[in-house]
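The structure under discussion appears below in the form of structure tokens.
Read the figures in this text as sums done on the coordinates, not as results from a lab. Predicted model only: the values in this text are computed from it and were never measured. Glycine also receives a Cβ, built like all others from the backbone with ideal geometry; neighbour counts cover every protein chain displayed.
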Amino acid sequence: MVVTSGTDGETDATLWSRARAGDGPAFAALFRRHRDRVFFYALRTVRTQHEAEDVTAVVFLELWRLRGR
């Protein structure tokens, strides 16, 4: 796992709290940690790599968009 400066050892809860406040690097760290898991779940569901990539992008875009809720 590649972790950017300032995210070493931080829990998902801490990163999410920072992301909810608009911290893009914290959200990017969460994306890096979880994108593969989301992608492979989507791939099992939709069965094509292209669709799974689209689903993964939509999931994270929605998380960013709705982060304040």
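Checked against (1) within 21 Å of Arg69 (Cβ to Cβ); (2) over 13 Å from the mean Cα position of the chain (by Cα), Arg44 passes all but condition (1). Filter segment 42-58 for residues that are of a type in the set (Ser, Thr, Tyr) and loosely packed, with under 15 Cβ neighbours inside 10 Å; which is farthest from Leu15 (Cα to Cα)? This residue is Thr48.
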